[in-house]
1. Can you name the condition, by its number, that Ser17 falls short on among (1) within 19 Å of Gln113 (Cα to Cα); (2) surrounded by fewer than 17 Cβ atoms within 10 Å (Cβ to Cβ)?
2. Can you tell me which residue within region 48-63, out of those that are touching a residue at least 12 places away in the same chain (Cβ under 8 Å) and open to solvent by less than 60 Å² (accessible area, probe 1.4 Å), is nearest to Glu88 (Cα to Cα)?
3. Within region 79-121, can you find the residues that are surrounded by 13 or more Cβ atoms within 10 Å (Cβ to Cβ), charged (D, E, K, R) and outside any loop (DSSP other than H, G, I, E, B)?
Amino acid sequence: QVQLVESGGGLVQAGGSLTLSCAPSGTIFSINDMGWYRQAPGKQRELVATITRAGSTQHADSVLGRFTISRDNAKHTVYLQMTSLKPEDTAVYYCNAHVAKYRGTVYYSYWGQGTQVTVSS
């Protein structure tokens with residue numbers, strides 16, 4: 001079974017920075033797209049940023065210029081560097097990855113358990 005483990009969340013003041021990491025455990029042959037999503041209280045989960053295996057990225061307009069997604073394919077790890085944090089960035093951040101466990105098998109979408117990011121004003 002593949003599990004995605006996020007780390008790096010916490011409490012930070014407005015204007016501060018945090019870097020989230022997400023690494024999978026279990027049997028992994030290959031990972032395609034990886035991404036970060038977030039869900040604030042009372043709101044739907046929304047896309048923050050995604051990155052392909054080749055390194056092409058997409059960021060939500062609300063975080064463009066402040067957040068940067070990156071990945072280390074050798075470690076199967078995805079990162080989200082967050083700067084100039086705002087109180088409205090407060091949410092549970094979820095990692096997502098499309099994983100093939102064995103050569104020739106299909107890619108399935110997996111989610112992490114979420115990590116809380118709280119930005120105080």
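The values are calculated or read from the model by the stated rules, or taken from the named source; none is laboratory data. Computed from a predicted structure; not experimentally measured. Here Cβ is always computed from backbone atoms with ideal geometry, including for glycine, and neighbour counts include all displayed protein chains. In case anyone asks, the SASA skips ligands and DNA or RNA and just uses the protein heavy atoms, side chains included. Shrake-Rupley method; radii C 1.70, N 1.55, O 1.52, S 1.80 Å.
1. (1)
2. Val63
3. Asp89
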